[in-house]
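Trainee: Before anything else, here's the structure in question.
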Amino acid sequence: MAAQMSDAHRRFLQVLMSHGIMEGAEARKLHRCCCEISKAYYAQDKLDDFVSTINNQLQPLFMQIRKGMSEVDGRTHYALVNMAETEITKMASDYAENELELFRKTMDLIILSENGFASSTDILNSADQLKTKKMKKKEAEQVLKIFVDDKWLSERNGEYTLHTRCIMEMEQYILSTYPDIAKKCNICHSLAIQSQACETCGTGMHLPCVGKYFKTQSRPRCPQCNDFWPYEIPDRSRIDSQSSSRRVSRRELQSL
């Protein structure tokens, strides 16, 4: 018989629902605080078991707390995802038809690019070619900002990529929609958007996975075909220490 959710589990779920996605470090702090406030059993290394109890209760609702990795810095994230649908159409209740079309075109540009990014110029140019209803530049810029705020896209220096939340929630959709292009990382076996790929056999790896795998190798070679790996190896020691997640206050937890 599956374990029942306690007040600590319910608090954790409510906060994660309000965030949508949370870095692993914040999720661990949230786990501890929820247990302390609810006077429930707490073990530092039992977060995944704690989440599993919640997932057992969410299963009939076709929801799941999923564990994934940021392609930017390799940090673990936890996201509440909808399992009932995997297509972009699940966003239909939140966005207009032409906004969804712009998102699809943006995803096309990102997936088809060599580096996993699409320039704002290319996206804005596509906004003028929408079949549903064309957008003016200012309107398209505002829609892109909404997608960033809602954690479907991430923006860096005028370029856009898929947010960690988007990748975690739409991984199966992306793999089935772009079967000849989208690939899984050879190391962590998750969808890889920002990645390096072997020039000989096409084996791909996330940038953080590349840095971790080749950390001790002076002459890195492909883990699949053993050919020389010609790319610059990311330096994991330079991972940005700044968290992009909104931190959870104890007052917020006590109000639940």
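Trainee: Of all residues being not hydroxyl-bearing (Ser, Thr, Tyr) and not in a strand (DSSP E or B) in the range 195-206, which is nearest to Asn82 (Cα to Cα)? Just the residue, please. Before you say what the answer is, go through the steps one by one.
Mentor: Pass one, the range 195-206, residues not hydroxyl-bearing (Ser, Thr, Tyr): 196-199, 201-202, 204-206.
Add one more test, that the residue is not in a strand (DSSP E or B), and what stays is 198-199, 201-202.
Numbers: Cys198: 34, Glu199: 36, Cys201: 35, Gly202: 31 Å.
Only one residue tops the list, namely Gly202.
Trainee: Identify, please: which residue in the range 73-101 is among the β-branched types (Val, Ile, Thr) and crowded, with 18+ Cβ neighbours inside 10 Å and is, among those, modelled with the lowest pLDDT? Steps first, answer last, please.
Mentor: Taking the range 73-101 as the starting set, the residues that turn out to be among the β-branched types (Val, Ile, Thr) are 76, 81, 86, 88-89.
Among the residues that remain, those that are also crowded, with 18+ Cβ neighbours inside 10 Å are: 81, 86, 88.
Numbers: Val81: 89, Thr86: 56, Ile88: 70.
So, considering only residues that are among the β-branched types (Val, Ile, Thr) and crowded, with 18+ Cβ neighbours inside 10 Å, the one modelled with the lowest pLDDT is Thr86.
Trainee: With the requirement that a residue be part of a strand (DSSP E or B) and either buried (at least 21 other Cβ atoms within 10 Å of the Cβ) or aromatic (Phe, Trp, Tyr) (or both), what does the range 179-194 give you? I'd like the intermediate steps shown before the answer.
Mentor: Step one: of the range 179-194, the residues part of a strand (DSSP E or B) are 183-184, 191-192.
If the condition is that a residue be part of a strand (DSSP E or B) and either buried (at least 21 other Cβ atoms within 10 Å of the Cβ) or aromatic (Phe, Trp, Tyr) (or both), then Leu191, Ala192 are the ones that fit.
Trainee: Does Glu71 satisfy being of a type in the set (Asp, Glu), assigned to a loop (DSSP other than H, G, I, E, B) and farther than 15 Å from Ala25 by Cα? Show your work before the answer.
Mentor: Details: of a type in the set (Asp, Glu): yes; assigned to a loop (DSSP other than H, G, I, E, B): yes; farther than 15 Å from Ala25 by Cα: yes.
It is true that Glu71 is of a type in the set (Asp, Glu), assigned to a loop (DSSP other than H, G, I, E, B) and farther than 15 Å from Ala25 by Cα.
Trainee: Looking at the range 128-151, which of its residues are assigned to a loop (DSSP other than H, G, I, E, B) and not β-branched (Val, Ile, Thr)?
Mentor: Kept after step one, since they are assigned to a loop (DSSP other than H, G, I, E, B), are these residues of the range 128-151: 128-136, 150-151.
Selection gives Asp128, Gln129, Leu130, Lys131, Lys133, Lys134, Met135, Lys136, Asp150, Lys151.
Trainee: In addition: Looking only at the range 21-41, which residues are outside any helix (DSSP H, G or I) and buried (at least 16 other Cβ atoms within 10 Å of the Cβ)? Break it down stepwise before answering.
Mentor: Here is the first cut: in the range 21-41, the residues outside any helix (DSSP H, G or I) are 21-23, 39-41.
Passing the criteria: Ile21, Met22, Glu23.
Trainee: Being loosely packed, with under 15 Cβ neighbours inside 10 Å, in a loop (DSSP other than H, G, I, E, B) and out of contact with any Lys or Arg (no Cβ under 6 Å at 6 or more places or on another chain) narrows it down to one of Asp45, Asp49, so name that one. Explain how you work it out, then say what you get.
Mentor: On the way: Asp49 fails: in a loop (DSSP other than H, G, I, E, B).
Criteria check complete, one pass: Asp45.
Trainee: Also: Quick test for you: out of Leu102, Leu175, pick the one residue that is free of Cβ contacts under 8 Å to residues at least 40 places away in the same chain and not assigned by TED's automatic domain parsing to the domain that holds Val72. Even if it seems obvious, please write down each step before you answer.
Mentor: On the way: Leu102 fails: free of Cβ contacts under 8 Å to residues at least 40 places away in the same chain.
Only one candidate qualifies: Leu175.
The values are calculated or read from the model by the stated rules, or taken from the named source; none is laboratory data. Since the structure is predicted, the reported quantities are computational estimates derived from the model, not experimental observations. Heads up, the Cβs are rebuilt from the backbone with ideal geometry, glycines too, and the neighbour counts pull from every protein chain shown.
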